[in-house]
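Written below as structure tokens is the structure these notes are about.
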Amino acid sequence: DAGITQSPRYKITETGRQVTLMCHQTWSHSYMFWYRQDLGHGLRLIYYSAAADITDKGEVPDGYVVSRSKTENFPLTLESATRSQTSVYFCASSESSPHEQYFGPGTRLTVT
Amino acid sequence: AQKVTQAQTEISVVEKEDVTLDCVYETRDTTYYLFWYKQPPSGELVFLIRRNSFDEQNEISGRYSWNFQKSTSSFNFTITASQVVDSAVYFCALSWVLNQAGTALIFGKGTTLSVSS
């Protein structure tokens, strides 16, 4: 029973590089979310998806791209990483709305 | 606009003390949901409770209790007889309707609770 997993758990990349963070859930939850956690800001929503092929922006979407071709996967891509995108990224899923969200273990991304 | 305020940035207590974490929210929605999450030092986010705006009954789960007061827009969390394992960052969150396609969460900035032995 894996639940929701994220990979990689840690990533160091250089400014300007493209990087993709993976998120996979085994519950067949319809809704999936990406948040970033920064000191002093709590968690902020980047993108979300209500179902496969349905995605939309959250609070802080600039510089990020998402896709959701399969219900269980929701990758987040930084097209050209910047230092301001250094953060901890959490993926979450929920069965329906507005049920509680269950979070993955997080990916700590450092952009140098 | 939706907003969650956790005014207490850090709280330090000694084991067995009771501690209350404050959460004040703002919303224009008539129906909304409130949540508490715990983030221990290991970093994962653990769901603790969900409360809808129609239900103002207090909730108790073991040493944890929650007090929801619509009149003051508050959803406070009390830990009774705190233990070292309660040391964590606690987040209060409010539901946020997303373009009729579900809800996400608006989080407060969190309260760091340190319990010493």
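Summary of computed values
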read-out: Heavy-atom accessible area per residue - chain B, 1.4 Å, Å²; value: 49 Å²
read-out: Residue among B:PHE77, B:THR112, B:CYS92 farthest towards the positive dipole end of the stretch B:3-116, charges placed on Cβ; value: B:CYS92
read-out: 1.4 Å probe, heavy atoms, protein only - residues of the stretch A:40-62 losing at least 50 Å² accessible area vs chain alone; value: A:LEU43, A:TYR48
read-out: The protein assembly as shown - percent of accessible surface contributed by carbon and sulfur, probe 1.4 Å; value: 47 percent
read-out: Residue-level accessible surface for B:LYS109, protein heavy atoms, 1.4 Å, Å²; value: 140 Å²
read-out: For the stretch A:3-51, accessible area per residue (1.4 Å probe, heavy atoms of protein chains only), Å²; value: 47 Å²
read-out: Average partner coverage of A:23-31, which counts Cβ from other chains inside 10 Å; value: 1
read-out: Members of the stretch A:63-112 that become less accessible by 10 Å² or more once partner protein chains are added (1.4 angstrom probe, chain alone as reference); value: A:PHE90, A:SER97, A:PRO98, A:HIS99, A:GLU100, A:GLN101, A:TYR102, A:PHE103, A:PRO105
read-out: Summed buried accessible surface, chains B and A, 1.4 Å probe, nearest 100 Å²; value: 1900 Å²
read-out: Within the stretch A:37-108: Cβ-based charge dipole about Cα centre, in debye rounded to nearest 20 (Lys, Arg +1; Asp, Glu -1); value: 220 debye
read-out: Test item: B:103-113 mean partner chain Cβ contacts at 10 Å; value: 6
read-out: Shielding of B:43-51 by partner chains, average beta-carbon count, 10 Å; value: 4
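The values are calculated or read from the model by the stated rules, or taken from the named source; none is laboratory data. A quick note: this is a predicted structure, and the numbers were derived from the prediction, not measured. Methodologically, a virtual Cβ is constructed for each residue, glycine included, from the backbone with ideal geometry; neighbour enumeration extends over all protein chains shown. With ligands, DNA and RNA removed, areas are computed over all heavy atoms of the protein, side chains included. Shrake-Rupley method; radii C 1.70, N 1.55, O 1.52, S 1.80 Å.
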